[in-house]
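Engineer: Below is one structure. I have some questions about it.
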Amino acid sequence: MRKDLLVLAFIALLIAVIVNGTKIQSVEEYYLTHIDDITEDAETVFISIDAGAVLDNWDKLDPALRDEKYVPEDGVILEKTEYVLRPNDTVFDILLRTVRHNKIHMEYQGADENVFGSVYIQGINHLYEFSCGPLSGWMYSVNGEYPEYGVSRYVLEDGDEIEFKYTCDLGRDIGHEFTREEGRKIQR
Amino acid sequence: MKSFADYHPLVLFVYYLAVVSLTVFLLHPAIIIFSLLGAVVFFAFLVPVRPFSRDIVFYFFVFLLVAITNPIFVHKGETILFFLNDNPVTFEAIVYGIVVAAMLVAVIFWSKAYSILMTSDKFMYLFGKAIPKLSLVMSMALRFIPEFKAQIKKVNRAQKSIGLYTSDSITDRMLSSLRTFNSVLAWSFEHAIHQADAMKARGYGLKGRTNFFLFRWKRRDVTMFISISLLIVAIFWLIHRGVFAYNYYPALTAVEWSLEQLPQFAIVFLFMILPALIELKENLLWIYLKSTI
């Protein structure tokens with residue numbers, strides 16, 4: 001009988017740990033209604049989210065997503081917006097704050113869940129990787145250049161301009177040529 | 001009573017293949033509901049009330065487990081209900097989880113009924129000639145779980161009768177059943193080898209070896225086979241026309257009910273409920289015949 005009690009206590013402990021580790025928020029609580037004010041001496045960055053490439057590949061798009069709700073008529077999900085840069089902010093921190101402020105859907109894979117050691121953006125505004133053909137997904141550029149590493153490893157500087165773009169052709173349709181040299185560089 | 005089992009093995013096999021693959025590949029909620037209903041009602045005719053209700057309770061918990069798992073791990077969908085550890089829990093993911101869980105339980109019940117109807121001799125009759133080795137392995141694999149359960153019961157009873165494992169503690173009983181499980185696992189490997197050896201010693205799969213089977217292709221098999229085939233063709237034609245297309249993410253497909261759809265879904269419903277209908281007809285007939293004595 002004593003053994004039973006011990007097992008029971010262990011199960012109770014397990015449940016307590018799990019309950020303690022879960023955080024339930026309502027939708028209003030999760031989305032930010034207020035964000036850092038832009039003061040004169042604040043460092044800021046610009047961010048925009050764009051799915052214009054989908055418009056040229058409409059036939060490849062998943063039929064369930066062929067709606068203006070998911071791909072706006074001009075492809076712009078978020079116009080260029082200015083946000084305050086906190087010290088050591090990465091591209092991911094800014095993106096997360098932006099989507100929470102603008103109530104845009106976003107799903108990502110945490111940095112501890114993949115081999116790249118960086119957060120991976122799976123979908124924004126219900127447009128997921130592979131939603132528009134096998135070579136499609138989200139890419140980002142800072143000041144017009146594609147860094148070729150993960151969003152949570154890019155530390156931003158004052159005045160940087162982030163662009164999130166949806167590609168249907170591995171970046172070639174949004175002005176990024178993935179060259180063989182770059183591939184080697186990543187492997188190293 | 002098992003009157004559906006009296007049909008020719010080929011009829012049964014074709015029916016099961018079609019019903020299970022339709023359930024798995026057509027993720028339309030209405031079809032899943034039809035399939036679940038057909039499977040559970042048919043299974044209720046095959047087994048006594050007590051084991052049936054025990055199964056229902058057990059698979060209800062399986063259903064719950066699968067249904068809850070999906071919204072925890074999948075965050076797709078438009079209608080966000082609340083956030084769990086910064087991850088959205090969506091209405092669409094919950095609906096999809098329920099549909100997939102129902103699909104799983106439906107397939108399990110079809111398979112349980114299948115294992116009662118399609119005994120291994122019927123399976124051997126169908127495939128023993130064409131693919132002797134594979135059909136032997138298949139029939140052994142299908143027999144594995146029931147045989148395993150029976151053996152566990154046997155070992156457990158033998159051990160109890162010599163005074164072991166009679167502790168009141170639940171933990172002790174669970175640990176002891178683990179030991180029984182271990183020993184039966186070793187037994188099952190050995191048993192499989194013995195079985196295969198025994199079949200080989202009897203010349204299984206050799207040329208010129210004949211078999212005796214009781215199965216005859218009767219007139220009612222022909223009518224059943226033709227009606228099942230017609231239903232399957234009709235359903236595939238409807239699939240081709242996109243009648244059963246349904247999307248869950250990012251938003252559920254809006255279903256517009258119209259009178260035109262009624263016969264389309266009625267065909268699927270008829271196909272799924274067919275075995276239960278046959279059992280019902282035979283049972284009613286039996287009651288009627290008894291009353292006239």
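The values are calculated or read from the model by the stated rules, or taken from the named source; none is laboratory data. All of these numbers come straight from a predicted model, not from anything done at the bench. For neighbour counting, all protein chains shown are included, and Cβ atoms are generated from backbone atoms with ideal geometry for every residue, glycine included.
Engineer: Please enumerate the residues belonging to the stretch A:28-64 that are in contact with a strand residue (DSSP E or B) (Cβ under 6 Å, 6 or more places away or on another chain) and within 27 Å of residue A:130 (Cβ to Cβ).
Structural biologist: Once the filter is applied, which keeps residues that are in contact with a strand residue (DSSP E or B) (Cβ under 6 Å, 6 or more places away or on another chain) and within 27 Å of residue A:130 (Cβ to Cβ), the stretch A:28-64 yields A:30, A:47, A:48, A:49, A:50, A:51, A:53, A:54, A:57, A:60, A:61, A:62.
Engineer: When the stretch B:109-148 is examined, which residues are found to be in contact with a helix residue (DSSP H, G or I) (Cβ under 7 Å, 6 or more places away or on another chain), under 15 Å from residue B:199 (Cβ atoms) and not in a helix (DSSP H, G or I)?
Structural biologist: The answer is B:128, and nothing else.
Engineer: (1) buried (at least 16 other Cβ atoms within 10 Å of the Cβ); (2) within 14 Å of chain B (Cβ to nearest Cβ): which one isn't true of residue A:66, the others all being true?
Structural biologist: Of (1) buried (at least 16 other Cβ atoms within 10 Å of the Cβ); (2) within 14 Å of chain B (Cβ to nearest Cβ), only one is false for residue A:66: (1).
Engineer: Here is a further query. Restricting to the stretch A:91-140, what's the tally of residues that are more than 23 Å from residue A:72 (Cα to Cα) and either free of Cβ contacts under 8 Å to residues at least 24 places away in the same chain or not aliphatic (A, V, I, L, M) (or both)? Give the derivation first.
Structural biologist: Residues of the stretch A:91-140 more than 23 Å from residue A:72 (Cα to Cα): A:91-93, A:109-120.
Now narrow it down to the ones that are either free of Cβ contacts under 8 Å to residues at least 24 places away in the same chain or not aliphatic (A, V, I, L, M) (or both): A:92-93, A:109-110, A:112-118, A:120.
Adding up the residues that qualify gives 12.
Engineer: Go through the stretch A:46-55 and give me each residue that's under 18 Å from residue A:80 (Cβ atoms) and more than 16 Å from the chain's Cα centre (by Cα).
Structural biologist: So the first thing to find is which residues in the stretch A:46-55 are under 18 Å from residue A:80 (Cβ atoms), and the list is A:46-53.
Of everything in the stretch A:46-55, those that are under 18 Å from residue A:80 (Cβ atoms) and more than 16 Å from the chain's Cα centre (by Cα) turn out to be A:52, A:53.
Engineer: What is the residue count in the stretch B:15-45 for residues that are buried (at least 18 other Cβ atoms within 10 Å of the Cβ), part of a helix (DSSP H, G or I) and not hydroxyl-bearing (Ser, Thr, Tyr)?
Structural biologist: Initial filter on the stretch B:15-45 (buried (at least 18 other Cβ atoms within 10 Å of the Cβ)): B:15, B:19, B:22-23, B:26, B:28-29, B:31-32, B:34-36, B:38-40, B:42-45.
Still in the running and part of a helix (DSSP H, G or I): B:15, B:19, B:22-23, B:29, B:31-32, B:34-36, B:38-40, B:42-45.
Still in the running and not hydroxyl-bearing (Ser, Thr, Tyr): B:19, B:22, B:29, B:31-32, B:34, B:36, B:38-40, B:42-45.
Residues that pass the stated criteria total 14.
Engineer: What pairs come out if I take residues in the stretch A:27-51 that are in contact (Cβ under 8 Å) with a residue 12 or more places away in the chain and pair them with residues that are surrounded by fewer than 15 Cβ atoms within 10 Å (Cβ to Cβ) and of a type in the set (Lys, Arg) whose C-beta lies under 7 Å away, six or more apart or interchain?
Structural biologist: Partner pairs satisfying both residue conditions: A:31/A:103; A:46/A:80; A:48/A:80.
Engineer: So, of the residues in the stretch A:22-35 that are more than 7 Å from chain B (Cβ to nearest Cβ) and within 24 Å of residue B:91 (Cβ to Cβ), which turns out to be surrounded by the fewest Cβ atoms within 10 Å (Cβ to Cβ)?
Structural biologist: Filtering the stretch A:22-35 for residues more than 7 Å from chain B (Cβ to nearest Cβ) gives A:28-29, A:31-35.
From what is left, the residues that are within 24 Å of residue B:91 (Cβ to Cβ) are A:28-29, A:31-33.
Values: A:28: 7, A:29: 12, A:31: 16, A:32: 15, A:33: 9.
Of everything passing the filter in the stretch A:22-35, A:28 is surrounded by the fewest Cβ atoms within 10 Å (Cβ to Cβ).
Engineer: While we're here: I'm trying to understand the selection: among the residues of the stretch A:119-137, which are in a loop (DSSP other than H, G, I, E, B) and surrounded by fewer than 19 Cβ atoms within 10 Å (Cβ to Cβ)? Show your work before the answer.
Structural biologist: As a first pass, look at the stretch A:119-137 and keep what is in a loop (DSSP other than H, G, I, E, B): A:119, A:125-126, A:129-130, A:134-136.
Scanning the stretch A:119-137 gives A:129, A:130, A:134, A:135.
Engineer: Considering only the stretch B:205-262, how many residues are among the charged types (D, E, K, R), in a helix (DSSP H, G or I) and loosely packed, with under 10 Cβ neighbours inside 10 Å?
Structural biologist: Just the residues of the stretch B:205-262 that are among the charged types (D, E, K, R), to begin with: B:207, B:209, B:216, B:218-221, B:241, B:256, B:260.
When the remaining residues are screened for being in a helix (DSSP H, G or I), the result is B:219-221.
Checking the rest, the ones that are also loosely packed, with under 10 Cβ neighbours inside 10 Å come to B:219.
Qualifying residue count, the stretch B:205-262: 1.
Engineer: Now, a different point. With the condition kept exactly as written, say whether any residue in the stretch B:201-214 is within 30 Å of residue B:278 (Cα to Cα) and aromatic (Phe, Trp, Tyr).
Structural biologist: Yes, the stretch B:201-214 contains at least one residue that is within 30 Å of residue B:278 (Cα to Cα) and aromatic (Phe, Trp, Tyr).
Listed here are the residues, each with its yes/no results for (1) closer than 26 Å to residue B:240 by Cα; (2) not acidic (Asp, Glu).
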position: B:3; (1), (2): no, yes
position: B:6; (1), (2): no, no
position: B:9; (1), (2): no, yes
position: B:26; (1), (2): yes, yes
position: B:31; (1), (2): yes, yes
position: B:36; (1), (2): yes, yes
position: B:47; (1), (2): no, yes
position: B:53; (1), (2): no, yes
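Engineer: Listed residues B:98, B:80; which is buried (at least 17 other Cβ atoms within 10 Å of the Cβ) and at pLDDT 90 or above?
Structural biologist: Working: B:80 fails: at pLDDT 90 or above.
Criteria check complete, one pass: B:98.
Engineer: Looking at the structure I just gave you, is residue A:3 without any contact (Cβ under 8 Å) to a residue 60 or more places away in the chain, surrounded by fewer than 13 Cβ atoms within 10 Å (Cβ to Cβ) and within 14 Å of chain B (Cβ to nearest Cβ)?
Structural biologist: No.
Engineer: Keeping to the stretch B:132-176, report how many residues are surrounded by fewer than 13 Cβ atoms within 10 Å (Cβ to Cβ), small (Gly, Ala, Ser) and within 28 Å of the chain's Cα centre (by Cα).
Structural biologist: Of the residues in the stretch B:132-176, 2 are surrounded by fewer than 13 Cβ atoms within 10 Å (Cβ to Cβ), small (Gly, Ala, Ser) and within 28 Å of the chain's Cα centre (by Cα).
Engineer: Would you confirm, using the coordinates I've provided, whether residue B:257 is within 30 Å of residue A:61 (Cβ to Cβ), among the aromatic types (Phe, Trp, Tyr) and more than 23 Å from the chain's Cα centre (by Cα)? Please lay out each step first, then the result.
Structural biologist: Working: within 30 Å of residue A:61 (Cβ to Cβ): yes; among the aromatic types (Phe, Trp, Tyr): yes; more than 23 Å from the chain's Cα centre (by Cα): yes.
Judged against the criteria, residue B:257 is a match.
Engineer: Something else now. Any residue at all in the stretch A:165-183 that is closer than 29 Å to residue A:29 by Cα and at pLDDT 90 or above?
Structural biologist: First pass over the stretch A:165-183, keeping only residues closer than 29 Å to residue A:29 by Cα: A:165-166.
Subset that is at pLDDT 90 or above: A:165-166.
Scanning the stretch A:165-183 turns up at least one residue that is closer than 29 Å to residue A:29 by Cα and at pLDDT 90 or above.
Engineer: How many of the residues in the stretch B:65-80 are out of contact with any helix residue (DSSP H, G or I) (no Cβ under 6 Å at 6 or more places or on another chain) and under 24 Å from residue A:25 (Cβ atoms)?
Structural biologist: Going through the stretch B:65-80, the residues out of contact with any helix residue (DSSP H, G or I) (no Cβ under 6 Å at 6 or more places or on another chain) turn out to be B:65, B:68-69, B:72-73, B:75-76, B:78.
Keeping just the survivors that are under 24 Å from residue A:25 (Cβ atoms) gives B:68-69, B:72-73, B:75-76, B:78.
Total meeting the criteria: 7.
Engineer: Do we have any residue at all in the stretch B:58-76 that's within 14 Å of another protein chain (Cβ to nearest Cβ), part of a strand (DSSP E or B) and not acidic (Asp, Glu)?
Structural biologist: Taking every residue of the stretch B:58-76 in turn, none turns out to be within 14 Å of another protein chain (Cβ to nearest Cβ), part of a strand (DSSP E or B) and not acidic (Asp, Glu).
Engineer: Can you confirm whether the stretch A:46-61 contains a residue that is within 14 Å of another protein chain (Cβ to nearest Cβ), within 27 Å of residue B:82 (Cα to Cα) and part of a strand (DSSP E or B)?
Structural biologist: Within the stretch A:46-61, not a single residue is within 14 Å of another protein chain (Cβ to nearest Cβ), within 27 Å of residue B:82 (Cα to Cα) and part of a strand (DSSP E or B).
Engineer: Still on this model: Restricting to the stretch A:96-118, and then to whatever is closer than 30 Å to residue A:34 by Cβ and part of a loop (DSSP other than H, G, I, E, B), can you tell me which residue is farthest from the other protein chains (Cβ to nearest Cβ)?
Structural biologist: Residue satisfying both the conditions and the ranking: A:118.
Engineer: Let me ask you something else. Can you name every residue in the stretch A:95-120 that is touching a strand residue (DSSP E or B) at 6+ places or on another chain (Cβ under 6 Å), farther than 14 Å from residue B:87 by Cα and of a type in the set (A, V, I, L, M, F, W, C)?
Structural biologist: A:119
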